[in-house]
1. Please work out which option in [x] 62, 43, 40; [y] 75, 73, 45; [z] 152, 79, 39 gives Cα extents along the principal axes in Å calculated from these coordinates, and answer with its label.
2. Non-local amide H neighbours of residue 174 (under 5 Å, H modeled in plane, Pro and chain starts lacking H): which ones?
3. Using only the Cα atoms of the stretch 1-130, what are the Rg and Dmax in Å?
4. Nearest 10 degrees, 0 to 90: what angle lies between the long axis of helix 92-103 and the longest principal axis of the chain (Cα atoms)?
5. Please give the helix 358-374 orientation as an angle from the longest Cα principal axis of the chain, in degrees from 0 to 90, rounded to the nearest 10.
6. What order, most packed first, do the peptides 363-373, 18-28 have when packing is the mean number of other Cβ atoms within 10 Å of each residue?
7. Counting only protein heavy atoms and a 1.4 Å probe, tell me what percentage of the stretch 310-375's accessible area is made up of carbon and sulfur.
8. So who's got an amide H within less than 5 Å of the one on residue 64, skipping anything under 5 residues away but keeping other chains? H placed 1.01 Å off N, in plane.
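The values are calculated or read from the model by the stated rules, or taken from the named source; none is laboratory data. Worth saying up front: this structure is predicted, and the values here are computed from it rather than measured. Every residue, glycine among them, receives a Cβ derived from its backbone with ideal geometry; neighbour counts consider all protein chains shown. Please note that ligands, DNA and RNA were not included when accessible areas were found on the heavy atoms of the full protein model with its side chains. Shrake-Rupley method; radii C 1.70, N 1.55, O 1.52, S 1.80 Å.
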Amino acid sequence: MKRGSSVLPWLLGLLFLGLVAAWFLLTYKKVERSVELPPIGEASFNPLYALKLSLRGAGQQVLSRQRLQLDAVPLGAHDTVVMLGDPRSLGQTDLEGLERFVRGGGHLVVGLPEFSESGQGTGAEPLSGFLPIQPVVTRSSCLLRTTAGQREQSLFCGAPSFTLEDDADVAAGLQHPQGHYLFARFRLGEGSVDLLSDMGLLTNDQLADAGNPEFARQLLTPNWGSGRFHLVYSVDLPPLWRWLLEHGWRALLPAFLCLLLWLWMRAQRFGPLLPAPQPPRRSLLEHLEASGEHLLRYGQLAALHRALLTAVQARLRRRDPLAAALEGEPQASLIAKRTGLPASDVRSLLDTRPPRDAHDFRQRIARLIDLRKRL
């Protein structure tokens, strides 16, 4: 009976596990899912990295850098420069160098800065010096684009649109229904300039969208295969405190906890956990009291009684040498006459036998102290 009752729970447990395994195998379905990983390496900070790889895959020579650096990296007569940064960050020397580069046969692809209500009148001012455009820009609505077999796409939503001068000679352009331009190609000398309202079509996030590779190929056509492509981008890094909060908390949090623990260990307490140690003293009486308490705690009653009796006998020898030299009844009679105590009490006090218990010890010690005082 006991054996069957002990086996039954195991059988029920195995049956339950078998049912769970069968349910899992019958209902489990393997599904593949693609997870897009965040960019790493150069792709994490270079927004033109996908364009760079595409050009190299097409057999073109590509140089990618964060700044224009006309002095360090000279531009060839048939090179192409793709400027992704804000043109307002270019100095007058760089603008003049780009103009000479374009008039000598180069090709420049540049975009307008993002539209801002506060800077509405100065959006295209840096480029209006050598391009036939007006410095005032306006916000444009979305432009719909439909490709073969694809749904409609919205382009240049909220991007700044520009207006041409009356004498502008446009080789190619993309005009919004409202009359403003979103893209225009100008001929300057032996070269050309492509001005875009939004350069986002060439970045990593949008280059693979339908129609954007073809549009990028048309932008880069003028000097295709004739020179190098210079992809110039500006790194827009967040503030250090923001980057640390977003990515460095895994290391900062344990370090902060360790710092708090170290400060807690080193900080001064508000109150002592233990009483302050007593300063060393050399009082003989305290040492004697401590020694007596130690002997009393460990039950050495006979030693304490013998020590006090020896002290009483020593005083008796000093005060009454005759009584101290006697023994028995004559000694008890002389001491009784001197102290006024009964002779029977004196005989019991001078008894050298150890005390029977703690009560007897206290009684005899008290009476010996009284006798010592009377001598």
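1. The value matching this structure is [z].
2. Here 182, 183, 184 satisfy the definition.
3. 32.5, 105
4. On a 0 to 90 degree scale, this one is about 40.
5. With both axes taken from Cα atoms, the answer is about 60 degrees.
6. Descending packing order for the listed peptides: 363-373, 18-28.
7. C and S atoms contribute 50 percent here.
8. Here 231 satisfy the definition.
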